[in-house]
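Note sheet for the following structure.
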Amino acid sequence: MYGYKLRTRWNFIEPNNELQEHFSKGLCIHPITAQLLINRGIDTLTNASNFINSSLHSFHNPLQMKDMDRAVQRIIHAIKNREKIFIYGDYDVDGITSTSLLMLFFRDISNHELNSGPLEIDISYYIPKRVGEGYGLNLNAIKKIHEEGGRLIITVDCGITAVEEVRVAKEMGIDLIITDHHQLSNSIPEAYAILHPCQEDCKYPFKSLAGVGIVFKLIKSLRSAFKEMGLFKESLPNLKKHLDLVSLGTIADIAPLLGENHVIAKYGLREISRTEKAGLKALKAVSGIKERDVTVTDVGFLLGPRINAAGRLGDADAAVRLLTTDNEGEALDIARCLDSENRKRQIIQEGILRDVKSMIKSQCSVEKDKAIVLSSPDWHQGVIGVVASRVAEEYYKPTILIAVQGEYGKGSARGIPSFHLYESLKRCSELLVDYGGHKYAAGLTIKKDIIDEFRAYFQKVTSEVLKDEDCIPQIDIDMSVELSDLDYHIIEEISRIGPFGPSNPPPIFCSKDIEVAREPVLVGKNNGHIRMEVEDGAEVMEVIGFNLSHLMEKIDCNIAYDIVYTPIINSWRDNKKIQLKLIDMRIAE
């Protein structure tokens, strides 16, 4: 049974009536809200209560993470002995916010006087260039750090696969503390300490922190250790103010907004909305975010891309300077520069996307192929990941785009829900120089002359894993409801489950046998949206279908429909009304 939006499968999530009643009575919430919690994998009353009533006290003890105490003691030793510390980051938003967070924490500590006198911390950072160095630790960078006197490297959002690089660093007398969240491989680097919650013997209960979330755990542990040691004359800074960076990196990295990430997003978005950081205020200004609360969508489509633009087209150092500066004039200059870089990125991206679509028509069989693997020497390495995401979403197939330079190609891969990219690339590892990532996103390096061989083998791997129906987009519907079930109270109550994002999507409901009460009209820029009123015999509601104007010619006011939507409250000039944000529709059975 398919909808009109495109060929989509409607999947109705099976209700758990017994648990629904348990949650509803135990938490005094509507059964609809209770079922939404269940649909997000929450299966105990305690967890449901913690989720809907989460607070800053909901965080787990960071010392539960394997090697945390060891990492803290090594950093304290480095500070006491005035060793030169380098933060080694990554050029995406997660890596940039992680680097900035550590730099700001050490700056805060440096501004607090010890009982024995002023504290001096010799701290620097290094972020490799996407073009030329690529992702993660590299030997040339380690040599530079060694030449500059580095004795301790703290990696953020990278390092978990850098076995050889860590070995060489140890031979040079450099200790490494690795903080990372990417997929573990069979070989683990012999670092001084590794903070990665998915290590086999790590007892930390939440496994899905972004890189910046792990760094947040590290600075919380450091702050506690400093406090216990009684080294400072005055109280140490409250870390709540830095949740703006933690949520920015977490949301931009598309981490699941469940567990601790849900708490980080919930409170971090509030901190972004009222931030005192000069860089974030400037970034909000150039992004058009003024006197309103910042949302997950703002991070994903306005703030995140501008920070990412620094590392995609040039040097991510500019983004770190933006997030760590106290100078409002400097911040605005950098923010404007990043805004300009982002516009350049968009132009380059659209050109590559047109090129890719043309190649799909001439080189691919959209009906038969289970994956899209394309390459070109004309593509910008820093932008192909964004394009791969667009292509994977539009064609609903695992997509790998490879930018070829010289003898090698750098690829960005994006997946779909029923496919594990990293595990599939592992099966192709003999054809790759290097690879890394996780289920939905990965990167790879390959020799130019075996790209065709890799394409054929990856197609074979995907055809063995994916069925035809896996390549048809699926809409997971939380439940069927009557229009009369939806009032301001229930929609406000549902909002307590937010902020919504990956693994915690906005609620999706279905109402059946709905009639169109008034002829639909086209609205919005270029008449791209559709608006209409619908009724079920008891209730009339307004429906808005963003970018669904193509449905106009298919809607017949004399036919009953089943509609899939998310309920929202539309506020305009102090007037509030409930709207149904249309996702898909089909003729009623």
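A few notes on this one:
- For region 48-62, the set of residues classified as surrounded by 15 or more Cβ atoms within 10 Å (Cβ to Cβ) and free of Cβ contacts under 8 Å to residues at least 24 places away in the same chain consists of S49, N50, listed by residue number.
- Region 254-276, residues that are closer than 16 Å to L302 by Cβ, surrounded by 22 or more Cβ atoms within 10 Å (Cβ to Cβ) and not aliphatic (A, V, I, L, M): G268
- Every condition in (1) on the phi > 0 side of the Ramachandran plot; (2) without any contact (Cβ under 8 Å) to a residue 60 or more places away in the chain; (3) of a type in the set (S, T, Y) is met by Y396 except one, and the failing one is (2).
- Considering region 63-113, the residues that are crowded, with 24+ Cβ neighbours inside 10 Å and of a type in the set (D, E, K, R) include one that is farthest from the chain's Cα centre (by Cα), namely D90.
- In region 155-186, the residues that are exposed (fewer than 15 other Cβ atoms within 10 Å of the Cβ) and part of a loop (DSSP other than H, G, I, E, B): M172, G173, N186
- Region 431-441, subset without any contact (Cβ under 8 Å) to a residue 40 or more places away in the chain and among the hydrophobic types (A, V, I, L, M, F, W, C), residue surrounded by the most Cβ atoms within 10 Å (Cβ to Cβ): L431
- Conditions (1) farther than 30 Å from R321 by Cβ; (2) of a type in the set (K, R); (3) out of contact with any Phe, Trp or Tyr (no Cβ under 9 Å at 6 or more places or on another chain); number of the one not met by R40: (3)
- Criterion violated by R312 - all others in (1) under 30 Å from Y457 (Cβ atoms); (2) in a helix (DSSP H, G or I); (3) touching a residue at least 40 places away in the same chain (Cβ under 8 Å); (4) more than 22 Å from the chain's Cα centre (by Cα) satisfied: (4)
- Some residue of region 402-420 being among the polar types (S, T, N, Q) and touching a Gly at 6+ places or on another chain (Cβ under 6 Å): yes
- Filtered residue count, region 233-260, keeping only those that are more than 23 Å from T324 (Cα to Cα) and either among the aromatic types (F, W, Y) or outside any loop (DSSP other than H, G, I, E, B) (or both): 2
- Residue match in region 214-230 (condition: surrounded by fewer than 16 Cβ atoms within 10 Å (Cβ to Cβ) and assigned to a loop (DSSP other than H, G, I, E, B)): yes
We did not get these values from a lab; they are worked out from the coordinates using the rules stated. These figures come from a predicted structure and were not determined experimentally. All Cβ positions, glycine included, derive from the backbone under ideal geometry; neighbour counts span all protein chains shown.
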